[in-house]
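See below for the structure under consideration.
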Amino acid sequence: MTDSFNGKSALLHPGDAFPALTLSLPGDAKLQLPDALAGGFGVVLFYRGSWCPYCNAQLRAFQRSLDKLAELDVNVVAVSVDDEATTKELVGKHGLTFPVGYGADAAAFAAATGAFVHTDPTYLESTGFVLDPDGRVLVSVYSSGAIGRLVPEDVAGMIRYVREHAAG
């Protein structure tokens, strides 16, 4: 049971362009990041898996906050290494209406973003990014374990702050 950066420390910092990642969505759909979030603010969540109670709580919290986030022009996307059937079950169980990807290549996603990877079994540790409308990172939150993750209230507060100070 170890965590690593999978060799490369490609941490994403504020102002960095979010890397191009392709998410597989249940039903053979694909989602291209950051393009799918262009024009509005975006939240990208890497979650450990459907078995993780902290991840379930985070995903439910973002689902409950979708209306508030939509008012701020914020879209949410999540992804894990889980398989398609497990992801479909998770989406149904929690009534998630935002895109939830499956089958993420942990090593590739870690190399592109700097996310921690747990080995044996292999999964991405909780990682969250808030993106501006141009696909640039506003904030990145890296966790090396079960706790430490984005919460919707903080995202909403940050977007309000960014908007207020961009206008002035």
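Summary table
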{"item": "Cβ-based net charge around residue 34, under 15 Å, with every Lys or Arg adding one and every Asp or Glu removing one", "result": "-3"}
{"item": "Region 128-167: C-alpha gyration tensor shape, a/c 1.5 cut-off, then a/b vs b/c", "result": "oblate"}
{"item": "Global geometry of region 83-134, whether rounded, prolate or oblate, following the gyration tensor of its Cα atoms and the 1.5 cut on a/c", "result": "oblate"}
{"item": "Å² of accessible area per residue within the chain, as computed with a 1.4 Å probe and no ligands counted", "result": "46 Å²"}
{"item": "Carbon/sulfur fraction of accessible area - region 83-168, other protein chains in place, 1.4 Å, %", "result": "54 percent"}
{"item": "Summed residue charge, Cβ within 14 Å of residue 104's Cβ, Lys/Arg positive, Asp/Glu negative", "result": "-3"}
{"item": "Eligible aspartates and glutamates near residue 68 by straight Cα distance, threshold 15 Å, same-chain separation 8 or greater", "result": "153, 154"}
{"item": "Nearest 10 degrees, 0 to 90: helix 84-94 Cα axis against the chain principal axis", "result": "50 degrees"}
{"item": "Charge dipole (region 35-168, unit charges on Cβ, about Cα centre) - positive-most of 143, 110, 39", "result": "143"}
{"item": "Residue 164/residue 89 FRET efficiency (R0 41 Å; Cβ-Cβ; nearest 0.05)", "result": "0.50"}
{"item": "Positive dipole terminus of region 30-168, leading residue within 166, 122, 92 (C-beta point charges)", "result": "92"}
{"item": "Area accessible to solvent at residue 30, 1.4 Å probe radius, in Å²", "result": "130 Å²"}
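The values are calculated or read from the model by the stated rules, or taken from the named source; none is laboratory data. Every value quoted in this text rests on a predicted model; they were computed, and no experiment measured them. A quick note on method: Cβ atoms are made from the backbone with ideal geometry, for glycine too, and the neighbour counts reach across all protein chains shown. Side chains are part of the model used for accessible areas, which takes the heavy atoms of the whole protein and leaves out ligands, DNA and RNA. Shrake-Rupley method; radii C 1.70, N 1.55, O 1.52, S 1.80 Å.
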